[in-house]
Structures are given as C-alpha cells and as structure tokens.
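In what follows, a single structure is set out as structure tokens and then discussed.
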Amino acid sequence: MLTLYCLIWIFILTSLIPTSYNEDNRCTLESISLEGIHHPGDIIIGAMLPVRVADNFKDISFTEPPPRTTCTTIHFGYFQQLQALLFAIEEINRNDYILPNITLGFHWYDTCGVIPLNIASVLQVLSGDKMAIPNYRCLHNVPLSGFIGSSSSPLSIAVAHILGLYKYPQVSYYSTSSLLSDRMKFPSFFRTVPSDAFQSKGLAKLVLHFNWTWVGLLGVDNDYGQQGIQLVKQEIIRVGACVAFTENILTSRADRNAPHIIEVMKKSTARVVITFATGLDLVPIMTEMVKENIRDKVFVASEGWSVTSLQKMASFSHLLFGTIGLAFYNGLIPGFKEFLNKLHPNMTLPGNLVMTFWEEAFNCTFSTVGYLGLQRKVCTGEERLDSIQNSYNDVSNLRVSYNIYTAVHVLAKALEDLRKCNEKDGPSLHGICAQIQNFYPWQILHYMKKVRLPLNDDRELYFDDNGDPPAVYDIVNWQLSASNTIRHVKVGSYDTTASGGKVFTINSSLLLWASANNEVPTSACSESCHPGFRKVSIRGQPTCCFQCIACPQGEICNHTDSNDCVKCPWNEWPNLQKTRCLPKHIDFLSYDDPLGATLAGTSIFSSIIPNCILRLFIQHKSTPIVKANNYVLSCLLLVSLSSCFLSSLAFIGFPQTEKCLLRQATFGLVFTICVSCILAKTIMVMFAFMATRPGSVMRRWTHLRVSYTIIFSCSILQFILCVSWLSLAPPFPQYNIENQPMLIMIECNEGSPIAFWTMLGYLFLLAMTSFIVAFLARKLPDSFNEAQFITFSMLAFLSVWISYIPASLSAQGKYTVAMEIFAILISSWSLVLCMFFPKCFIILFRPDMNSKGYLMRRDRD
C-alpha cells in the first residue's frame, strides 16, 4: 500500500514539470527556471522561502491551460525573512560551540508562495543539481540535513508528502494548519509556530473575554483558512458563542468573492468577524468595504494577518482601527538589525535581488535607460537603509523572521546532538551512532524529535509527539498613531506553558477601540438578560438568539444571561427584582402587631367588665333582682365570662408548643362552663315556674344542687373530649409556606380537625339547647323569668359562631386566629350585654324597680 502511495505521489509531482516533444517525437523533461542561492558547505540545508510575490492573476476557466506564474515584485517583509535565514546560518558557522569545523551550506529557492514553484524547489534541492530528478540525489558527498519552509500551510502540506517519504526533516516557520499535526501523513514535519488547534482556543478565549456571543467567520479557501474557521467554530460554540455566518475568500477569483461577502456582512447583526486569511487576501475585501461604506465591523485577526506588513493595508486604517488578534511571539535576534543595515547593492544575490530591492526601497533606479520620462532618481548606492522605515528594517516586528532564525538553530542543534552522540544512544539498531559527515535523513529525524533548544528569553523550544512546539502568542491591537498610521500594540499574551491564571492575560488599559468613549464593542444576537431574567431560546434560531423571561415565582437569577433560575430555599423568598433570596417574613399574630395589640387590649379590658358586674352583684346580692336571677349561677357565669375574654390571649403571640396544646382546649372548656351556666339558669327558670303550681313535684328540682349537676355534667363531657383530643392527636406548631409562598406563617395545627369541630359542635349543641328552652320559656311570668334575655343572648351567640365557620375557612395565617379571637370577644360580649346589662341598669339607675313590691305588681310597664 505504501509503495502504491509513493508511486501516485511521484506521478503527481512529475506531472507538475512540463514536457515537450523534440523532432524525433521523443519525450523530454523540461526544467523550471528557479531563482535561488547555492552556498556550499559540509552539510546542506534546503530552504523554500518566497521573496517575490506573484503578479499575474487570471480566473481559471478550465478550458485552457493556466498561465505560467511570474514573480517580479519584491515583498519587503519576505526579503527580511530571507536575511534572517542568511544571518542564522552565518551566526552558526561563526560559533565554535555549534558544529565546530563543520560549515553549514544551504540551497534556497524563491517559491513566490505558489505550489508549483514550491514543489519544484524541493525536488531540485533533493536532486542537488540544476534539474529536478525525482528519486535521485546527485551530491553524494554532501549530506542534506533537512528543509526550512514552507511559508504557508498549503505549500507545506504539498511538500510534506514528498519529504515524509524520504524522512527528511522539514521545519516550517509559518504553517499553522492542524492537518500537519497528523504524524501518520506527515512523519517528518516540524514547525516553530503553534498549530491552529491552539490558536482556535486562543481566539475562543478572546471572544469569551469580551463577551462577544454573535460572530461571523471568514476564511480563505485553502487548508489554512478552512481548517482554521472549522476549529475556531468548534471552540466558540463550545464556550457558548454562536456563528452568525461563515463565508469563504475565493482565491480563484480576482475579487476574492468580496461583493457577496460584504453583502452578507451588511445584512448580519454580528459586529465581530473572525478572519483566517493573509493580508493579500483581505485587500479586495477591504476595498469593497470602503465602496459600501461599512465601518461598524470589528475584525479578530488570525496570526496570518494580525501583524501584516503589507503596505496596501495601511490605506484601510480607518476600517482596521480596533482590530484585535493573535500573533506569533515576537522574539529578539541580537545583532540582526546591524546585519540588515549592512545590505548593499554590491552584494551578489541571484536575479539582481539586492539591486531590485534597493530600487523599490528608495524609489530610484540604477539605470537611466527607459526611465527618462519617469519621476525616479538615480540610485547612488550611498543611500542608508536605517534612514527609511519599512517592513524590511522594522525590528520591532520580527515574528516571522524570528521563527525562521529559530528553525535554522533547531536543525543545527539536531546536527550537534548527532555529532555528540554517545554510544548506545544513537538512532540505529542497538544504539549505534551516525557519522556527521555521512548520515541518512531518518537519523537526523531521530534527533529532531528529541531536540531541546534554549532561547534568548529563558524559554525552551521542543516538539511534542505531533511535531508542534509550545503555543505562545502575543495578543495585538491595531491602533492609530499620531501620524494616522497603524501600530500593532501588544496588549496581552496567550501562553499555554504559563502556570495558573497567566495562560490568557489582557491589559485592558492598553486597548483602543473605534467606538465612542473607547468602549468595548458589543456583538450579540440578543440583548443580554439582566439578573432576574432567564434566557429562552427562539425556535429555529441559534442558542445565542433568545428572549428574556422573568424568573418564575420563588426563583431568582443573580447573574447576566442565565439559562436557568434557581429556586430559593424554603425559608427565603426573592426580592422584587428576583436577584437574590431574602429571609421570608415570619407571620403570626403577635403583640407587636397592631391587630394583635388591639385584640389583646380589648380582651383585657373586656375581662374587667364581668368582674365589675360581679362586684356589683356581690354588693347587691340581697336585692330582689339579683336573688330572682339565681345569684350563685350569675356569679359563676360572670367568672366564666371573664375567663372567656382572657382565653383569647392564648391565641396571641408566638405559637409555642404549650400554647398550641392548650389554647383550643382552654377556650372550649371555659365556654362550655359559660354556656352550661346559661343552660342551667334556663332549666332552673322552667323548673321554678312548674314548681309554683299547687302539688307540683318539681319543687325538689329547683334546688341549687341541680344547677351544679347540670353544669358539671355538661362540662365533664367537654373535658373528656379535650383530654382525648390532646392525648391522641395533640395540636402542634407548624410552618405554613403553601398559602402565601412569600411568608412563613407559623400557626397551630389542630392535630385532629374532627376533634376541633366536634368541640365546637358540642358548644353549638349546648347553646342551641339553651336557646330552645329559653325560647319556650320566654312568656313565663316576668317576675321569675330571665328567659327573654337568655333567648337574645343565645341567638347572638349562635349567630356569631355560625358566621365564624365560613369566615375562618376563607382567612389565612394570623387572620384566621384573629377571626377566632374576634368571635370569642363578640360572643362573650353578646352574653354580657344581653344577660347583665338590663340588670345593671336597674341596679344602678332604677333602684325603685329593684324591690319586691315592684316585681310583684301586675300593672308595671
């Protein structure tokens, strides 16, 4: 299978090299003209770095062969990266501690950043000659250690398939696609930049940090862009954000599909756009944004363009101000600035690279032929590079150059480890070491996997099992300088090797945004739900598009954009804003409550009235009206009525266990004694009338002992009922949170509702019996008759307690207790007023009527 795979790739690679037919109709292989540098040495390093960029562009119609790629424009940033390669190799060759007595040479070809030239460069370096011959190596006496490059993920993927077959180490300085971490497909690929798998997590953290939940994704249509937006899409969805749109930058079209992309961006409410592309790919997008006057978008940049040095991007500073993104770590290269400024037109580089660079850097020309009509001065060679400012000599941004510099040192460190190999530690069978003058590519690959390179900033570079280094990024913010030019300001870092909370750090005070008052832009599908509300998804919309619904009764939410509300504990209740739980108000009829205080005062005052009447009766016990109404029973009734008034105090105050246990029983017993006294008085009236008839045997029933027997008999039944109730199902205090959830109503559970209503029913029976007997006796002779007063008093008594039943069932909490106290007071007052008010009036105000003669008159009014 592997052999077939290799043959397929050899066929593909050889098909990239054009062929022609000679006169004898024989097929011959044409070589592609490549521009490069060949520097001899004991060990060769291959390098695929672009310097020029492709100029020609034509839509591919697939009906005719595409034109050959032409590269004429020098990219200053690329030219600096080439200088970093030359500087690193020169530095290593001068260092006596790295590969002593061994000179590193290199073969470099300008790939122009296109796949055909990139593959042709690799094949030509592998062949070691001026013609690429697959599977052949012409320089047998000079070992090839590995390759530096390529410049982007699609280029690296193309050549990694080839180099993986031969096990040549490949160290990329700019390829970030996570596909290249697949060790099965790319066994010899390494890189000095982190994988996009790390970058996607960093971008997701960036989105989460600024609370951007509604973002668009924009990616170039190659492996770098497509893998990048897919990975970041997974990460931002994982952290709770949503994707508003996903669009591709089509490199096969001159306008990069910009009109369609801008139309989508205009319609979308997402203000933040995460972009995986290069600066060149974004130029048409920016141009279309200027045309459509779109200014409210904030770009989150991938490392591919976050610190781009492309001059054309400067003209879009008003659109890119506030852009934030991840960039490669910006390391220092000691002595590199001086090396850059030593460049001179007299230096020999192929294709007049230096002279062409010089002319473009200083806008001059070394030849006057053909330039007479142009406003360009003649180059003298005395111009100073340190007098101008461009991406070539800008040592404040050496991110890519630093990665190239590090890549060369990594390869040199692996060679040094191979040279210093200890016996039984080598890559061969039984640990046999390889020779530095003659080694196989798989042997240097063995040391590449184990290399550990100390860096200038106390960091260390090493590779994991996938060939990836530790992920370290700078977070950069695009800001306008005083001269209205863009500056890339480092505002934080994303370092996966850091400990604790230092992995992701941002200094917010350094950030500048294009918004008013320098406020962080917002990008959300829906407005945030404030505390007290929860999010409810809208059918058919992403999870970030939602409605805000107030928390249900009894639940709170104390943070923004909550999916759920939290139920308060049973003894707490939400505040009005439903942002926190407050202790529930404990509700019971207390003495501090105005209602409780009023009822307590009324009860105490009312209890005094029967005592006053009792005192009055004692003082006038010898008067006819007191004697006629059964003095002893009247006194007992007045005492029980005073107790009835005072029994209501047991219902006021905190419902303690003792109160709950005794209050209803006390109320039932004292009212039973009271009603029993009235019943006894009524019966005694009947007996007294019947005893006045001649020869009546009822006289013996008018004795006082009969009254006591009636009272005792009626009371003992209620007493037995109450004792049974308290023994079998005693009342107890309970917390009621059902009737009014915002209150804790502390009340007495009567234990047995049947016992409670039986007690009241028994009272009703006694009162009804008294009423009936009194009603029947109401027309007996007045001098002995108290039945009329008893009739009215019992009628009032029964009316009160019959009204109490529906009223108590409809009341809640302390009002139920207040209703019972009210019934106790009213019913007691009805007895006092109906039974004793007329007698007291006569005793106090009509003493003439309180005489035996008046009572015996038949004609009195």
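Laid out as a table, the results:
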item	result
Nearest-ten-degree value, helix 258-267 long axis tilted from longest Cα axis of the chain	10
Residue order for 347, 313 - accessible surface, 1.4 angstrom probe, largest first	347, 313
The range 66-117: chymotrypsin sites (Phe, Trp or Tyr not before Pro) in DSSP coil with no more than 13 other Cβ atoms inside 10 Å	97
Cβ crowding within 10 Å averaged over residues, with 321-329, 36-44 ranked highest first	321-329, 36-44
Cα centre as origin, Lys/Arg/Asp/Glu Cβ charges: the chain dipole, Debye	5400
For residue 593, distant residues with modelled amide H under 5 Å away	none
By average C-beta atoms within 10 angstrom, highest first, the peptides 547-553, 120-126	120-126, 547-553
Whole-percent carbon and sulfur share, accessible surface of the chain, 1.4 Å	58
Degrees, to the nearest 10: 787-810 long Cα axis against longest axis of the chain	10
Accessible surface, 1.4 Å probe, highest first, among residues 318, 620, 559	559, 318, 620
Anisotropy class of the range 135-220 from Cα gyration tensor, a/c 1.5 cut	prolate
Value in Å of the Kirkwood radius, where the chain supplies the Cα pairs that are averaged	36.5
Share antiparallel - DSSP beta bridges, the chain, percent rounded to 5	55
Listed residue (731, 551, 649) projecting farthest to the positive dipole end of the chain, Cβ model	649
Listed residues 801, 340, 768: farthest to the positive end of the dipole of the chain (Cβ charges)	768
Anisotropy class of the range 378-528 from Cα gyration tensor, a/c 1.5 cut	oblate
Whole-angstrom gap from the range 427-483 to the range 138-205, using each part's C-alpha centre	12
MRE, 222 nm, helices only [DSSP H, n ≥ 4, -39500 (n - 2.57), over the chain, to nearest 500]	-13500 deg cm²/dmol
With at most 13 neighbouring Cβ atoms within 10 Å, loop GluC sites (Glu not before Pro) (DSSP) excluded, longest segment of the chain	31-381
Dipole in debye (nearest 20) - the range 49-186, about Cα centre, beta carbon charges: Lys, Arg +1; Asp, Glu -1	280
Global geometry of the range 466-511, whether rounded, prolate or oblate, following the gyration tensor of its Cα atoms and the 1.5 cut on a/c	oblate
Packing rank of 796-803, 635-642, 150-157, where each peptide gets the mean count of other beta carbons within 10 Å, highest leading	150-157, 635-642, 796-803
Dipole-positive endmost among 573, 398, 720 within the chain (Cβ charges, Cα centre)	720
For the range 324-468, size of Cβ-based charge dipole, Lys and Arg +1, Asp and Glu -1, in debye	200
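The values are calculated or read from the model by the stated rules, or taken from the named source; none is laboratory data. Just so it is clear, the model here is predicted, and its values are computed rather than measured. Cβ sites come from the backbone with ideal geometry, for glycine too, and all protein chains shown count toward neighbours. The protein model used for the area step is the full one, side chains on, heavy atoms only, and it has no ligands, DNA or RNA in it. Shrake-Rupley method; radii C 1.70, N 1.55, O 1.52, S 1.80 Å.
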